[in-house]
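Enquirer: Submitted below is the structure of interest, expressed as structure tokens.
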2 protein chains.
Amino acid sequence: MTLKPLLGTPLKRFLRDYKRIHPVSVELAAVLQSVEYPANVGSIFRLADAAALTELVLTGITPTPPNPTIEKVGRAKSLRVPWRYEREPSVALAQLKEQGYQLIAIELAEGSVPYHTFTYPEKCCLVVGHEDHGLTKATLAQCEAAVFLPMYGQGLSLNVHVALSVVVYHILHTV
Amino acid sequence: MTLKPLLGTPLKRFLRDYKRIHPVSVELAAVLQSVEYPANVGSIFRLADAAALTELVLTGITPTPPNPTIEKVGRAKSLRVPWRYEREPSVALAQLKEQGYQLIAIELAEGSVPYHTFTYPEKCCLVVGHEDHGLTKATLAQCEAAVFLPMYGQGLSLNVHVALSVVVYHILHTV
């Protein structure tokens, strides 16, 4: 078989047909607890659109739209992804828990399990933290579980939007 | 169970113990066919370290280390990840195929299958292309298979380093 590029209308039709036949079967939200860099927030908006997240909640010092870097990196997806700002992460987490979401931290913590071995519920909210400082002790204590990405080299972490993307796509195709 | 942050030496020990018990069982390389932005190349170096890729081959107009953005975004991982530059992607792909790697494009193409449904061999080389133009027709024709990331929103793609990260971590934990 020779592989051939897919462009323009045929590409759009290909993706549209795929998602019609394989709709997303999970309710997946995300809380950003003081993610500091607009480029990461933009990437997460692009991911939120791609993965049809139900909601993105920005908290703490997380920059919010309108912001030129968020819009550029996020391909203007903040105009269509359901999002809101809530200063206190604890308030956002309590609300989401109340709505039936299981709160799952993406963090290396005592009690954290490899992300690919965890059994995710059909309604979960992923919680990610600051680029350098991760999640606070208080946020982590509010979460019901934590997962981490194994690191097979010398580095201790991947970028926050990359880690979130890996876990989101894993959940989309395993739950 | 209360989740607690893991920092400093305990964190390093946690990751070191994990990778000792769960070593990477696949040989995974990647070819960048004219990935243009240094920030994406840097992210891919950080991923290559994290996932213990056997080799990263930069081709065409892909910027190469030393480059301040690649080093910063890549956390200086170009100093430890095995990489080389080869101007012609076709030459790099032929060499890797000769070494026993199956060449798998990450691209929306005629004949492309969802990345999570593909049966990956134990030795594979992922091939990614330019941020806007993707893989050329010639590169795509040289690949033995192509996989794509389903897009469940309005956008037609994720960033190249994000797509590569999702596929790499999927292969690490399924092959």
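Enquirer: At 37 °C and 0.692 mPa s, what whole-number value in µm²/s does Stokes-Einstein give for the translational diffusion of the stretch A:43-112, with Rh from the Kirkwood sum over Cα pairs?
Expert: For the chosen part, D equals 247 µm²/s.
Enquirer: Can I ask one more? With an 8 Å Cα cut-off and a minimum separation of 6 or more residues, compute the relative contact order for chain B in percent.
Expert: Relative contact order of chain B: 25 percent.
Enquirer: Also: Among B:9, A:59, A:174, which comes first, then next, by fewest other beta-carbon atoms within 10 Å?
Expert: Result, fewest neighbours first: B:9, A:174, A:59.
Enquirer: Counting only other chains, what is the mean number of Cβ atoms within 10 angstrom of the Cβ of each residue in peptide B:83-95?
Expert: Going residue by residue through B:83-95 and averaging, the value is 0.
Enquirer: Taking only Cα atoms, what is the 0 to 90° angle, nearest 10, from helix B:89-98's long axis to the longest principal axis of chain B?
Expert: It is inclined by approximately 70 degrees.
Enquirer: Once amide H atoms are placed 1.01 Å from N in the peptide plane, what residues at a sequence separation of 5 or more from residue A:105, or on another chain, have their amide H within under 5 Å of its amide H?
Expert: Hits under the 5 Å cutoff: A:127, A:144, A:145, A:146, A:147.
Enquirer: Pop out the ³J(HN,Hα) list for the stretch A:127-138 in order, Karplus 6.51 cos²θ - 1.76 cosθ + 1.60 with θ = phi - 60°, rounded to Hz; leave Gly and Pro as x.
Expert: My calculation for the stretch A:127-138 gives 10, 10, x, 4, 3, 9, 9, x, 7, 6, 4, 5 Hz in order.
Enquirer: Can you say what percent of the DSSP beta bridges in the protein assembly as shown, counting only those with both residues inside, are antiparallel? Round to 5.
Expert: Beta bridges within the protein assembly as shown, antiparallel portion: roughly 10 percent.
Enquirer: To continue, here is another question. How far, in degrees from 0 to 90, does helix A:160-172 lean away from the longest principal axis of the Cα atoms of chain A, to the nearest 10?
Expert: Value to nearest ten degrees: 70.
Enquirer: Mind listing the long-range amide H neighbours of residue A:35? Cut-off is under 5 Å, sequence gap 5 or more, other chains count too, H placed in the peptide plane at 1.01 Å from N.
Expert: A:59, A:62
Enquirer: May I ask what percent, to the nearest 5, of DSSP beta bridges between residues of the stretch A:69-159 are antiparallel?
Expert: 10
Enquirer: Now for a different question. Restricting to chain B, compute how many DSSP beta bridges are antiparallel as a %, nearest 5.
Expert: Rounded to the nearest five, the antiparallel share is 5 percent.
Enquirer: Still on this structure, please answer the following. Shielding by partners for B:111-117, please: the mean number of other protein chain Cβ atoms within 10 Å of each residue's Cβ.
Expert: So the per-residue partner count for this stretch is 3.
Enquirer: What is the fewest-to-most order of B:44, A:104 by other Cβ atoms lying within 10 Å of their Cβ?
Expert: A:104, B:44
Enquirer: Also, quick follow-up: How large is the Kirkwood hydrodynamic radius of chain B, counting all unique pairs of alpha carbons, in Å?
Expert: 16.8
Enquirer: Find the all-direction average of the projected area of the Cα convex hull for the protein assembly as shown, expressing the result in square nanometres with one decimal place.
Expert: 16.4
Enquirer: Explain nothing, just compute: Karplus ³J(HN,Hα) = 6.51 cos²θ - 1.76 cosθ + 1.60, θ = phi - 60°, for every residue of the stretch A:39-44 in order, whole Hz, x for Gly and Pro.
Expert: Each residue of the stretch A:39-44 in turn: 5, 5, 5, x, 4, 6 Hz.
Enquirer: Through the Karplus equation 6.51 cos²θ - 1.76 cosθ + 1.60, θ set to phi - 60°, convert the phi angles of the stretch A:52-67 into ³J(HN,Hα) values in whole Hz; use x for Gly and Pro.
Expert: For the stretch A:52-67, the Karplus-derived couplings read 6, 4, 6, 6, 10, 10, 8, 10, x, 8, 4, x, 10, x, x, 8 Hz, x marking Gly and Pro.
Enquirer: Of the listed pairs A:137/B:12; B:97/B:137; A:72/B:137; A:123/B:19, which have alpha-carbon separations greater than 22 Å here?
Expert: Those over the limit are A:72/B:137; A:123/B:19.
Enquirer: To the nearest Å, what is the center-to-center distance of the stretch A:51-87 and the stretch A:135-175, using C-alpha atoms only?
Expert: Between the Cα centres of the stretch A:51-87 and the stretch A:135-175 lies a distance of 19 Å.
Enquirer: Could I ask something else about it? List the residues whose amide H sits under 5 Å from the amide H of residue B:51, counting only those 5 or more places along or on another chain, with H placed 1.01 Å from N in the peptide plane.
Expert: A:152
Enquirer: Separate question: Once the Cβ-Cβ distance between residue B:174 and residue A:72 is put in as r, and R0 is 41 Å, what FRET efficiency do you end up with, to the nearest 0.05?
Expert: For residue B:174 and residue A:72, the calculated efficiency is 0.75.
Enquirer: Per-residue ellipticity at 222 nm for the protein assembly as shown, helices alone: DSSP H runs ≥ 4 residues times -39500 (n - 2.57), over residue total, nearest 500 deg cm²/dmol?
Expert: After summing the helix terms and dividing by the residues of the protein assembly as shown, the value is -10500 deg cm²/dmol.
Enquirer: Here is a follow-up. At residue A:22, label 7 Å along Cα→Cβ: distances to the other copies, nm, ascending?
Expert: 2.3
Enquirer: What is the mean number of Cβ atoms from other protein chains located within 10 Å of the Cβ atom of each residue in peptide A:158-167, rounded to a whole number?
Expert: Rounded to a whole number, the mean comes out at 6.
Enquirer: List, shortest first and in nm to one decimal, how far the label point of residue A:67 (7 Å from Cα along Cα→Cβ) is from its counterparts in the other copies.
Expert: Those label-point separations list as 2.5 nm.
Quick note: the coordinates plus some simple rules give every number you see, no bench work behind them. A quick note: this is a predicted structure, and the numbers were derived from the prediction, not measured. FYI the Cβ positions are ideal-geometry reconstructions off the backbone, even for glycines, and counts take in every protein chain you see.
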